[in-house]
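Here the structure comes first, spelled out in structure tokens, and everything after it is commentary.
The values are calculated or read from the model by the stated rules, or taken from the named source; none is laboratory data. These numbers were taken from a predicted model, which means no experiment stands behind them. For neighbour counting, all protein chains shown are included, and Cβ atoms are generated from backbone atoms with ideal geometry for every residue, glycine included.
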Amino acid sequence: KKLKKTGQLDELEKAITTQNVNTKCITIPRSLDGRLQVSHRKGLPHVIYCRLWRWPDLHSHHELRAMELCEFAFNMKKDEVCVNPYHYQRVETPVLPPVLVPRHTEIPAEFPPLDDYSHSIPENTNFPAGIELQSNIPETPPPGYLSEDGETSDHQMNHSMDAGSPNLSPNPMSPAHNNLDLQPVTYCEPAFWCSISYYELNQRVGETFHASQPSMTVDGFTDPSNSERFCLGLLSNVNRNAAVELTRRHIGRGVRLYYIGGEVFAECLSDSAIFVQSPNCNQRYGWHPATVCKIPPGCNLKIFNNQEFAALLAQSVNQGFEAVYQLTRMCTIRMSFVKGWGAEYRRQTVTSTPCWIELHLNGPLQWLDKVLTQMGSPSIRCSSVS
């Protein structure tokens, strides 16, 4: 109806029949919240049109990138929004370079012990206040903080990588390894990109959920058999106390997890905040590895990036077995519902929170396993009396 009124229906038909990116922008007015309602459900307009005419399996705006020729792309935040499905392209998963691992690594005799943060009280941070922006950046939400329309500018994202990340360029060919027999170890995408376990206080409840869909939710409802939903509402626990029961009632729509283009995002769908501890995200912003970040309702955060992990892995191989093994912590993400934990909260450990989940990222973990297997064993000896 909106396109008929403005006479753009013919342009839409032309774009679809010719499949030509050089067709005109097809625009509709931007609504107050940026979304469009179709059959009692709201969604982002460009996502709806792209799903209808190009990619029926499209899950999220994270999977789309506007073409440079588009003058009214959704992320430009103009009064009109282009819904031409051929003015958007699908984000492709980048190919990760193989890590070159020496068959016989000469490892120094001693390494410092692995960092153990399990007994320390984690720091806390909030979005958007948790990231300091330089004065020349406009007053927009900081990198990693996305409003409900889900868009952030390339300028913001580049700034976040420049300001908050260490130099992570892969360096597999260090001088120490030039004369060694190097074996490439490649990344393989697993059938289930992550495994999720649910906990109440320090007790695991229910079976592990294995995520195969690129977009899925963890919520407080009761659907028993849906590959796109891990429903916590149907899980029983005889040891459940009143505090846990009350928290479970407030999980509601919970959290949506996306795995797109080698990146993992967490979006808070609940009316209450979620709290995330992601070592990969913490390193990106220069925070302590154990920092817990509060994500308010309607916002989302990039919690893992495969390319950053690949660069770290390539660097760690040069430092030996223990350095590579430490990266296993980066592949585990903890997330609590409603109640936070850390230095600013009464609960100082995640096992003190009523309801929380633990994500294991299977692709990076399997890659680590292959690299560690290739490297052999650590240099630090472990005897029966040590």
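Things worth noting here:
- Test: THR6 is at pLDDT below 85, out of contact with any Leu (no Cβ under 9 Å at 6 or more places or on another chain) and not assigned by TED's automatic domain parsing to the domain that holds ASN300: yes
- Pairing residues of the stretch 45-69 that are within 14 Å of PRO214 (Cβ to Cβ) with residues that are part of a helix (DSSP H, G or I) and at pLDDT 85 or above, at Cβ distances under 6 Å and at least 6 apart in sequence or on separate chains, gives LEU58/CYS50; LEU58/ARG51; HIS61/VAL47.
- Pair list, Cβ < 6 Å and 6+ apart or interchain, from the stretch 233-248 residues that are under 14 Å from TYR198 (Cβ atoms) and surrounded by 15 or more Cβ atoms within 10 Å (Cβ to Cβ) to residues that are modelled with pLDDT of 95 or more and among the polar types (S, T, N, Q): none
- MET375 satisfies every condition listed in (1) surrounded by 21 or more Cβ atoms within 10 Å (Cβ to Cβ); (2) modelled with pLDDT of 95 or more except (2).
- When the stretch 270-326 is filtered for residues that are touching a His at 6+ places or on another chain (Cβ under 7 Å) and over 21 Å from TYR345 (Cα atoms), only ASN318 remains.
- Looking at CYS25, CYS70, CYS50, just one residue is assigned to a helix (DSSP H, G or I) and either under 29 Å from GLU263 (Cβ atoms) or assigned by TED's automatic domain parsing to the domain that holds THR186 (or both), and that residue is CYS50.
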